[in-house]
1. Restricting to bridges with both residues inside chain B, how much of the DSSP beta-bridge set is antiparallel, in percent to the nearest 5?
2. Using the C-alpha gyration tensor of segment B:129-283, what are the square roots of 5 times its eigenvalues, in whole angstrom, with the largest one first?
3. Please give the FRET efficiency for A:ALA86 paired with A:ASP205, using the beta carbon to beta carbon distance and R0 = 56 Å, rounded to the nearest 0.05.
4. Put one equal scatterer on each alpha carbon of chain B, apply the Debye formula with no solvent term, and list log10 I(q)/I(0) at q = 0.13 1/Å to two decimals.
5. Would you please give the FRET efficiency between B:THR278 and A:ARG285, computed as 1/(1 + (r/R0)^6) with r the Cβ-Cβ distance and R0 = 35 Å, to the nearest 0.05?
6. At B:ARG48 and A:GLN157, where each label point lies 7 Å from the Cα along Cα→Cβ, what is the point-to-point distance in nanometres?
7. Can you check how the C-alpha radius of gyration of segment B:40-96 compares to 2.2 N^0.38 Å, as a plain ratio?
8. Placing one identical point scatterer on every Cα of the protein assembly as shown and ignoring solvent, what is log10 I(q)/I(0) from the Debye formula at q = 0.05, 0.09, 0.10, 0.11 Å⁻¹?
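Read-outs throughout are calculated quantities, based only on the coordinates presented, and are distinct from any laboratory measurement. Just so we're clear, the structure is a prediction, and the values are computed from it rather than from any experiment. With ideal geometry, Cβ positions are generated from the backbone for all residues, glycine too; neighbour counts draw on all protein chains shown.
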2 protein chains.
Amino acid sequence: MSVIYNRVALIGLGLIAGSMALAMRRRGLAAEVTGYARTAATRDTARRINLVDRVCDTAVEAVKDADLVVLCVPVGAMGAVAQEIAPHLKPGATVSDVGSVKRAVIDAVQPHMPANVHFVPAHPLAGTEHSGPESGFATLFDNRWCLIVPAEGASPQAVAQLQALWQGMGANVDQMDADHHDLVLAVTSHTPHLIAYTMVGVADDLRRVTDSEVIKYSAAGFRDFTRIAASDPTMWRDVFLTNKDATLEILGRFTEELFALQRAIRQGDGDLLFDYFTRTRAIRRGIIEAGQDTDAPDFGRAKKDG
Amino acid sequence: MSVIYNRVALIGLGLIAGSMALAMRRRGLAAEVTGYARTAATRDTARRINLVDRVCDTAVEAVKDADLVVLCVPVGAMGAVAQEIAPHLKPGATVSDVGSVKRAVIDAVQPHMPANVHFVPAHPLAGTEHSGPESGFATLFDNRWCLIVPAEGASPQAVAQLQALWQGMGANVDQMDADHHDLVLAVTSHTPHLIAYTMVGVADDLRRVTDSEVIKYSAAGFRDFTRIAASDPTMWRDVFLTNKDATLEILGRFTEELFALQRAIRQGDGDLLFDYFTRTRAIRRGIIEAGQDTDAPDFGRAKKDG
C-alpha cells in the first residue's frame with residue numbers, strides 16, 4: 001500500500017497510538033510518524049522500543065509540519081492539548097482523535113481549531129484491558145470498526161483520506177453523527193464497563209467471601225467481568241464523565257430490567273426467566289455471524305485438542 | 001492412570017456429562033461408562049458420536065450395577081431423577097451430581113437416597129456457552145476447580161474416591177459446605193450471569209439503537225456479555241430459582257454499589273470513579289496469578305503476530 005499521509009503526529013502514546021504506529025508501519029501508510037507523551041517515562045519507553053520514528057519532548061514539536069495529527073489522550077485531556085497545539089498546526093492539516101465519546105470531544109476541541117485545519121473526529125472500536133506504550137500491536141484494528149464522526153461542513157476529501165488510513169490499518173469504516181455514536185457506545189461499551197466494574201467491586205467488598213475464594217473460583221462468568229474491569233481507570237473515568245446523559249439513560253433501562261428479573265426470581269417465575277434467557281441467545285449468534293467474535297467455546301480458552 | 005470406578009453412569013448427556021465421558025476415556029478412569037438422556041434425539045446423537053460406551057433408553061437401565069452415578073441434569077430435575085433411580089441403585093454405590101447449586105440439590109436428592117448408598121454432591125467450575133451432547137471435550141476440567149460438598153456423615157472413602165476421579169479428569173479439588181458454596185457461586189457466577197443476561201436484554205429492547213448496530217459495534221465490552229448470556233436457559237432458570245436467597249442478597253449489594261457509581265457520574269465525581277476503577281484492576285491480577293485465566297490481551301482474541 002502507498003503512503004496516505006506524509007507525516008503523522010500521535011499525541012499520547014498508549015495502547016491505541018502504539019497500535020496505530022505499528023499498523024501504519026506494517027503497510028507503509030506514513031512516511032514519518034512522530035509521537036509525544038506527557039510523561040518522560042512513557043517517552044523513554046517509546047524510544048527504547050522504537051514505537052514511532054521520532055519521539056518529541058513537546059506536543060508542539062511533534063505536530064510541526066504534520067499532515068495528520070491524532071489526539072490519543074483521555075477524553076478529558078483533549079481540550080487542553082488542542083488548545084496547546086492549535087497555533088502550530090500546518091495549514092491544511094487534518095486533526096483527528098480516537099476518543100470513546102464524540103460529542104464532548106467535539107465541544108472541547110472544535111473551538112480551538114484554526115479555520116484552515118480539517119477536524120475529523122474518529123473512534124476505533126478496538127482495545128484490550130492492557131494499557132501503555134508497550135501494549136500496542138499492529139493487528140489490533142484488523143476487522144474491527146472505526147466510526148468516523150465528521151463535523152458539519154467537513155471537507156469530503158479530508159474525511160476520505162482519514163478513512164483510507166483506517167482501512168489501511170485493517171479497520172472497517174462507518175460514518176455516524178456524534179449523538180448517535182454516544183448512545184450506541186453507551187449500550188455496547190460504556191454501560192457494560194460500568195456494570196463489570198461494579199460487580200468486581202462488590203466481590204472485592206465481600207469479606208465473608210474472601211478474596212482468595214473469589215479469585216480461585218472465578219472461572220464461571222466473573223472472570224470475564226474482571227478482564228473488562230481491568231481497563232485503564234483514567235480513560236474510563238473520562239468516558240463516564242463526558243458521556244453522562246447517554247450512560248445514565250442506559251443505566252436506567254438496565255436497572256429497570258434487572259428489577260424485573262429480580263422480581264421473577266423472588267416470585268419463582270421460571271417461565272419469565274427461561275423466555276428471557278432464550279431471547280438473549282439469538283444476539284450472540286448475530287455477533288458471531290457478523291464476524292465480531294469467535295464461536296470457539298469460552299473464547300477459545302477451552303482447547304479441545306489440549 | 002488406573003480404573004477408579006468399574007462402572008460409571010451419567011444421567012443427562014450435555015456439555016458436562018459429555019466432557020466427563022471424554023475425560024474419563026482419556027485416562028482410562030472407568031471400565032465402562034453408561035449414559036442416559038431424556039430425549040431420543042440426544043441419545044441418538046450420543047450413540048452416533050460414540051460419547052459413552054453404552055447409551056441406555058432408561059435411567060434405570062443406565063444405573064444398573066453402576067459404582068458411580070452422576071446426575072448431570074438441570075438442578076430443577078435432580079429430585080425426580082433421584083426418586084426414579086433410587087430403588088435400582090447398587091448397594092454401596094456412590095451418587096453424585098454436577099449442579100451449580102448445592103443446598104437445593106441436597107434437599108431434593110438426599111431424601112430419596114437408600115441408606116446403603118453414598119451421596120456425595122459436587123460442582124465442577126467449568127463450562128462454556130455451548131450446550132448439548134456434541135459440546136463436550138476431554139480437557140474442559142483441566143486446571144479448573146471441582147468443589148465437593150459431602151453430606152454430613154459421608155463416608156471418607158467414598159469422598160476420596162470421587163475426589164480421585166475428578167483429579168484424574170484434570171481438576172483441582174476442594175471441599176466446602178453447601179451454604180458457603182452457594183454464596184461464593186452467587187458472587188463468582190450466578191449474579192454475573194444475571195447481569196449479563198440483563199444487559200443483553202436491554203440492548204435487544206432498544207429499538208432506537210437497532211439490533212444490527214449493537215451487533216456490528218459489539219467489540220468493546222458488550223461482546224463478552226453476550227457470550228455469558230448465550231448459556232443454556234434451562235440450566236440458568238433453575239440456578240436462579242434454587243439459589244434464590246444468595247443471588248438476591250448479592251444482587252442487592254450490586255445495585256447498592258451501582259447506584260453509588262451512578263450518583264458519582266451524575267455529580268461529576270471523577271475521583272470516586274478513578275479510585276474505584278483502580279481498585280478493581282488488582283483483582284484481575286490475582287486471577288491471572290492464580291492460573292484461572294490468561295494474561296493474553298482480549299483473552300487471546302488479539303493476535304499480536306497476525
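1. Values: 3 of 25 bridges.
Bridges in chain B that DSSP calls antiparallel: roughly 10 percent.
2. Values: eigenvalues 243, 95, 49 Å².
Three semi-axes, in Å: 35, 22, 16.
3. Result of the calculation: an efficiency of 0.80.
4. Once normalised to I(0) and log-transformed, intensities are -0.99.
5. Working: r = 36 Å, r/R0 = 1.04.
That pair, B:THR278 with A:ARG285, gives E of 0.45.
6. 6.2
7. On the way: Rg = 11.9 Å, N = 57, 2.2 N^0.38 = 10.2 Å.
Cα Rg divided by the expected 2.2 N^0.38 Å: 1.16.
8. At q = 0.05, 0.09, 0.10, 0.11 Å⁻¹ the computed log10 ratios are -0.25, -0.73, -0.86, -0.99.
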